[in-house]
Amino acid sequence: MVMTNRSRPAKRSTHDELVRRALRSLERRARRPGVLLNKPSVVADWFRLRLAEREHEVFAAAWLDHHHRLIAFEELFRGTINSAPVAVREVVKSALRHNAAAALFAHNHPSGGNWPSSADVAITREINEALGLIDVVTLDHFVVTATDPPASVGAIAPDALQCFSINHLIRASEERVAPGKPKNKRRETPDAKSPLPQSQGE
């Protein structure tokens, strides 16, 4: 029993080192000129390695350049075991600080369950609208756990990531006053009980 107890720290250390190596490998790929960080599987795994084993909720951002290469990873907010307060104003300030052109977000569910909640969809929509006003594109928001595959908010609620910018508002205003043009029908959000669709890359 003594040998078994002493071996536990060594096993944990080995596990941590493997995670660090995986992160370094993904970051090298992301930072290599010409390599795009726009594949959902790579992004989801990268966020999962960063956040899945946290014992409290963390809301994080990956800030990207115009080519969707990684500029910076930032843990923006830290919460409790089942929630993390998100201040949209601070998200916008961080985007400006990093001079980002696009963003990917993720947060973890320490208690398990990868299905995005209505609150997750709502904050994604708020962030998307706020960042759109400074021409930063919100690409997606992932929910990660230690046991389940990462889930995409954009896949189950694509309207939360619709284009929202000054130019978008101008075009929408022009469409409303233009004669003879039919009104666009409101996009329906998929039923929360339906299977999670696969997130699409660019």
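The values are calculated or read from the model by the stated rules, or taken from the named source; none is laboratory data. This one's a predicted model, so the numbers in the text were calculated from it and none came from an experiment. Positions of Cβ are generated from backbone atoms using ideal geometry, with glycine treated the same way; all protein chains shown enter the neighbour counts.
Looking at region 68-89, which of the residues that are farther than 13 Å from residue 104 by Cα and not aliphatic (A, V, I, L, M) is surrounded by the fewest Cβ atoms within 10 Å (Cβ to Cβ)?
If we take residues in region 68-89 being farther than 13 Å from residue 104 by Cα and not aliphatic (A, V, I, L, M), then 89 is surrounded by the fewest Cβ atoms within 10 Å (Cβ to Cβ).
Which of the residues that make up region 75-117 are at pLDDT below 90 and small (Gly, Ala, Ser)?
79, 83, 84, 111, 112, 113, 117
Which condition number in (1) crowded, with 18+ Cβ neighbours inside 10 Å; (2) in contact (Cβ under 8 Å) with a residue 40 or more places away in the chain is the one that residue 39 fails?
With respect to (1) crowded, with 18+ Cβ neighbours inside 10 Å; (2) in contact (Cβ under 8 Å) with a residue 40 or more places away in the chain, residue 39 is out only on (1).
Given the criteria among the charged types (D, E, K, R), at negative phi and in contact with a Pro (Cβ under 8 Å, 6 or more places away or on another chain), does residue 54 qualify?
yes
Say whether the condition of being touching a His at 6+ places or on another chain (Cβ under 8 Å), buried (at least 16 other Cβ atoms within 10 Å of the Cβ), in a loop (DSSP other than H, G, I, E, B) and in contact (Cβ under 8 Å) with a residue 12 or more places away in the chain is met by at least one residue in region 49-64.
yes
Can you pull out the residues in region 38-48 that are charged (D, E, K, R) and part of a helix (DSSP H, G or I)?
Hits for region 38-48 are 45, 48.
Which one is modelled with the lowest pLDDT among residues in region 28-62 that are acidic (Asp, Glu) and within 16 Å of the chain's Cα centre (by Cα)?
It comes out as 45.
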